[in-house]
Amino acid sequence: MTIEQTILLLVLLAALILFVTERWRYDIVALLALLAATLAGIVPADRAFAGFGHPAVVTVAAVLVLSRGLQSSGVVDVMAKGMLRVGNRPTLQVLALTGLVAALSGFVNNVGALALLLLVAIWMARKSGNPPSLLLMPLAFGSLLGGMTTLIGTPPNIIISTFRAQTALKPFGMFDFAPVGVGVALAGVLFISLIGWRLVPQRKGLASREDLFRIQDYTTELRLPEDSKIIGKPLGELDSASEADVSIVGVVRGESRILAPSPFEILRSGDVLIVEADSEAIKTLVDAAGLELVGSKELEKELDEKALGSNEVDVVEAIVRSDSPLEGNTAWTLNLRWRYGVNLLGVARHGERLKERVKSIQFKAGDVLLLQGATEALQKAISVLGCLPLAERGLRLGQPRRIVLGIAIFAAAVPAVAIGLLPAPIAFVAAAVLMILVGLISLRDAYQAIDWPILVLLGALIPVAQALESTGASPSLSR
């Protein structure tokens, strides 16, 4: 074994130890391995960063953007509604989630598929009262199993196919991995669903961050526009129209206000419903019944007049601090829209049902606010108003669902790769750019969708892996 081979193997061994010990994050370890191999003269300096342009890295980045575009278009909402019918039995929940994530992982990249269903899994765990780990760990395993079924399912498949092409052989096709991968995935999903989930550790220690910030139902206002599907129908039909868990606290009609309205109350155009529900149920009701969040449309119109696209409008959740200037005031007295450019969509207060109009609720420390506005305005307002933003939960309230368009763009890219019309990097980058151009995802969200540490890991280790062959270390290891 030559000196170069020995140094390279020592570098890889040190990287493996650091990966296992997790002293530093995996992308930093990968960069250190690349730098060490380059400084030792094993990887040529002019080729040190060539891995970042590797087809596998480009394809993974594009598929992650496509995954976010599908999420923004409303695909996740459809999945969540389908999961409503699964019930609360852990076996059925695990089977549904792992089966779905395995199927998606074959086409959306296993990391992207996992990101799509994380919120759904957490939501299901909350509804059934089970610990999130009971569903999250099987979900992770399912994404890995499904990634083995197609060319783009996981980065190693793409790397192997590219390497095969570099050796003057025909690269693997889109479904060449399926005969073995599908069988392994089916066997794995069945094992996880019937036996595996029972082996997941039940953690009952200190409360998690999610438990500390558990959000109760929001009080918000929904207006019936002229084209709403439920105009002329009794209030009780809202439940059957949306299948959402929503409490109607009151109805505002012109100057009159109806508290605890009867389910037989006939709804009219322009009625404002004061509802209490969690954020997922609010969105479900808005989409299913054709309602509007009070103030939402007006704010979006104002932003459009300022040349801001609708994709620049975000919804965030923020908790009121004890030293916040909001305490004791209302949205009306503070004039949040005019002074700060944000719209108050709802207020959640632990252990208390709010019956006032949203604009008239006096804020208290600990209240959770659902705020809408331009991204920059929201960030500034949260800071000035003394609030703490909660972790993003993928809220897209009030945005139109363009599921068909999103699926059509993605579906066009898959057969283009399958029949060999376009290479995978070209097809999926083109689809990602098209999603941005048609407005399914903003440019800012596209960059945020990319898991940069994963790309750094791949881009840094590809030249090191290629050095195994160039130095002759690979044949030495295979002996």
Quick note on Trp338, Trp123, Trp197, Trp452, ordering by fewest other C-beta atoms within 10 Å, gives Trp338, Trp452, Trp123, Trp197
Counting only C-alpha contacts under 8 Å and six or more residues apart, can you give the relative contact order of segment 218-288 as a whole percent? 46
Burial ordering of Val438, Val120, fewest other beta-carbon atoms within 10 Å first: Val438, Val120
Assuming 0.692 mPa s and 37 °C, estimate D for segment 3-101 with Stokes-Einstein, Rh taken as the Kirkwood radius over Cα pairs, in µm²/s. 187
What distance in nm separates the simple spin-label points at Ile160 and Ser470, each placed 7 Å from Cα in the Cβ direction? 2.5
Test of understanding: ordering Phe264, Phe410 by Cβ neighbours within 10 Å, fewest first, what list do you get? Phe264, Phe410
Roughly how many debye, to the nearest 20, is the charge dipole of segment 218-288 about its Cα centre, given +1 on each Lys and Arg Cβ, -1 on each Asp and Glu Cβ, and no other charges? 300
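Here, each number is a calculation from the coordinates, and none is a lab measurement. As the structure is a prediction and not an experimental result, all values here were calculated from the model. Heads up, the Cβs are rebuilt from the backbone with ideal geometry, glycines too, and the neighbour counts pull from every protein chain shown.
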